[in-house]
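Got a structure here, written out as structure tokens. Questions coming.
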Amino acid sequence: MRKHYMICVHNRGYEASLEIRKIYEVLSDKIAEKHHQIRVIDESGEDYLFPEDYFAPVRLPSATKDKLELTTA
């Protein structure tokens, strides 16, 4: 399964966990999506739920995605 990435555009209340303008790996979580949240790997290296409007979609070239997957493997 290919990994999905989003960019953080807001971090109010989560300053220690999220950095604005940083790209985060997103994990699929259908239940969270129903509650307008997404599950991301944060600064601690663990996955947590955050409001979906704190992130924006980002399109990365395939070569960039491949490199990111190598660094997180």
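The values are calculated or read from the model by the stated rules, or taken from the named source; none is laboratory data. Computed from a predicted structure; not experimentally measured. These area figures cover heavy atoms from the full protein model, side chains too; ligands, DNA and RNA do not enter into them. Shrake-Rupley method; radii C 1.70, N 1.55, O 1.52, S 1.80 Å.
Excluding residues on the same chain fewer than 8 positions from Lys22, give the aspartates and glutamates whose Cα lies under 13 Å from its Cα.
Straight-line reach from Lys22, under 13 Å: Asp42, Glu43.
OK, next. Asp47 accessible area, nearest 10 Å², 1.4 Å probe?
Counting only protein heavy atoms, Asp47 exposes about 60 Å² to solvent.
Just by accessible area at a 1.4 angstrom probe, what is the order of His4, His35, His10 from largest to smallest?
His35, His4, His10
Ignoring everything except DSSP H segments at least 4 long, calculate the 222 nm mean residue ellipticity for the chain; use -39,500 (n - 2.57) per segment, divide by total residues, nearest 500.
-6000 deg cm²/dmol
With all protein chains present and a 1.4 Å probe, how do Leu18, Leu60 order by accessible area, largest first?
Result, largest first: Leu60, Leu18.
Based on the alpha-carbon gyration tensor of segment 26-73 and its eigenvalue square roots a ≥ b ≥ c, which shape applies: rounded if a/c is under 1.5, prolate if not and a/b is larger than b/c, or oblate?
It comes out prolate by the Cα gyration axes.
Heavy atoms only, probe 1.4 angstrom, no DNA, RNA or ligands counted: give me Tyr5, Tyr48 ranked by accessible area, highest first.
Putting Tyr5, Tyr48 in descending order of accessible area: Tyr48, Tyr5.
For the chain, what relative contact order do you get, as a whole percent, if you take Cα pairs closer than 8 Å and at least 6 residues apart?
Numbers: 102 pairs, mean separation 22.1, N = 73.
In percent, rounded to a whole number, it is 30.
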